[in-house]
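What follows is a short report on a single structure.
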Amino acid sequence: MKANMREHSSDLVVVGGGPAGIFAAIQFAERCPDANIVILEKTDRLLQKVLISGGGRCNLTYDCNDPRELINFYPRGGKSLLNIFYQFGPKDTIRWFNSHGVDFYVDDDGCYFPATNRSQTIIDVLLNHTNQLGIKTWTQAGVEKISIEKENLYRIHLSSGDQLLTPRLLMATGGNRQALKMIQALGEKVIPPIPSLFSFIINDNRLEGLPGLTVSPVKLSIPGSKFSQVNDLLITHRGLSGPAAINLSAWAARYFHEHQYQLPLEIDWLPLLGNIEEFYGALWQYRETHSTRLITNRCPYPQLVHRLWERLCQSTGIDEKTRWADLSKTRIRTLAQELRQGHFKIDGRNQQKQEYVTCGGVDLKSIHLKTMQSKLFPNLFYAGEVLNIDGLTGGYNLQNCWTTGWIAGNSMSGIVE
């Protein structure tokens, strides 16, 4: 024991100063106003994930009030969320923040953003309410070890040498690997965390010089697997991003990991135009009615930017002087396959810093989902992405934090609605 060690006691200790931990602490404090509550955050800033959510606008949740539909946006943990979304879902999240003075708008994709378009609006509400309730927040408070004392007291050993003793402990540490190792050391079952929600590194001359170009919608598929996704696609300096790529990475997170992020990728640039044979027939008909036109002069598909159309044509051997009449049936079929079944290779992953999420965490079978309490240890609770729950982009991961944080906070105070 360090000579300068100081021991503190608290009615509740929350490890993790993110949205789940702070929201849970608020719920607890509102119901137990005289309680001594401490939130421990290892970095120098609280709610960092909220700050960068939605590109700095904070995509707070998604406009879906049917839990049976909402759970379909969670590659891991969806079925387990069904009942608890009935307890506290997106409409409850919006109602809570509305009651604290926040107005919202819903974009065309169904994503909720504060009317100010600033994440700081959400952060200010949470931190101001935290301060008003007398909740203590300790930043740069790294946890090195958690041990269990007699009478079910938890001792939290900090990197500063200080120690905290508490009868209630909430772990809301996200996908932090060190924290998950401490949880596993206690005896909990932990699913090893791996990345989810990432973009693809692709080195292919068909994409060179096209960063910033968006195509909507596009279908991405991993040949030889069940995984595919239809959504907007963004070409980047290093490969592909946008909802189609990022959401595909979420559904296929373990598959990507097993294959070391080296996989074939099939791209259908025009997924709404029938099957490949129907498309081939339509392309041949276009050839017949526009036989004298130069192919690369005009793209027949408005959803494809002309530069991309030129590049895809060039990849099949069509140059700028080629007319439609010059194409044989074989060449037309080759062009159809390039447009509808283009073959690319994923060479690695890029971390999405704005929406970084892990797949894995505390096994949900180890948790009483109605209360978020451990089945092994009384008064040990979990909330947020420390659990083996992860969603797609669009506010789903923050909604997991609000829902599980609300339930944990109420449960710890002895009130469950």
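When residue 309 is tested against the conditions (1) among the aromatic types (Phe, Trp, Tyr); (2) in contact (Cβ under 8 Å) with a residue 24 or more places away in the chain; (3) assigned by TED's automatic domain parsing to the domain that holds residue 224, the lone failure is (2). In this structure, does residue 94 turn out to be outside any loop (DSSP other than H, G, I, E, B) and in contact (Cβ under 8 Å) with a residue 24 or more places away in the chain? The answer is yes for residue 94. Are any residues in the range 267-293 over 9 Å from residue 340 (Cβ atoms), among the acidic types (Asp, Glu) and not in a helix (DSSP H, G or I), and if so, which ones? Of everything in the range 267-293, nothing turns out to be over 9 Å from residue 340 (Cβ atoms), among the acidic types (Asp, Glu) and not in a helix (DSSP H, G or I). Residue-level check: of (1) farther than 20 Å from residue 372 by Cβ; (2) of a type outside the set (Gly, Ala, Ser); (3) outside any loop (DSSP other than H, G, I, E, B), residue 45 misses just (3). Evaluate the following for residue 206: is it of a type in the set (Lys, Arg), at pLDDT 95 or above and buried (at least 20 other Cβ atoms within 10 Å of the Cβ)? Spelling it out, it is not the case that residue 206 is of a type in the set (Lys, Arg), at pLDDT 95 or above and buried (at least 20 other Cβ atoms within 10 Å of the Cβ).
Answer yes if at least one residue in the range 23-36 is within 30 Å of residue 108 (Cβ to Cβ) and buried (at least 21 other Cβ atoms within 10 Å of the Cβ), and no otherwise. Yes, some residue in the range 23-36 is within 30 Å of residue 108 (Cβ to Cβ) and buried (at least 21 other Cβ atoms within 10 Å of the Cβ). All told, residue 75 falls short of being surrounded by 13 or more Cβ atoms within 10 Å (Cβ to Cβ) and over 21 Å from residue 232 (Cα atoms). Applying the set (1) touching a residue at least 40 places away in the same chain (Cβ under 8 Å); (2) within 21 Å of residue 154 (Cα to Cα); (3) not β-branched (Val, Ile, Thr) to residue 19 leaves exactly one unmet item: (2). Just one of the listed residues (65, 59, 72) is part of a helix (DSSP H, G or I), in the same structural domain as residue 125 (by TED's automatic domain parsing) and not acidic (Asp, Glu), and it is 72.
Is it the case, given these coordinates, that residue 214 is out of contact with any strand residue (DSSP E or B) (no Cβ under 7 Å at 6 or more places or on another chain), more than 26 Å from residue 358 (Cβ to Cβ) and polar (S, T, N, Q)? Write out each step before concluding.
Values: out of contact with any strand residue (DSSP E or B) (no Cβ under 7 Å at 6 or more places or on another chain): no; more than 26 Å from residue 358 (Cβ to Cβ): yes; polar (S, T, N, Q): yes.
Judged against the criteria, residue 214 is not a match.
Considering only the range 97-112, I want to know if a residue exists there that is within 26 Å of residue 364 (Cα to Cα) and at pLDDT below 95. No. Tallying residues that are loosely packed, with under 15 Cβ neighbours inside 10 Å and of a type in the set (A, V, I, L, M) within the range 91-136 yields 2.
The values are calculated or read from the model by the stated rules, or taken from the named source; none is laboratory data. Every value quoted in this text rests on a predicted model; they were computed, and no experiment measured them. Counting neighbours? That spans all protein chains shown, and the Cβs are built from the backbone with ideal geometry, glycine included.
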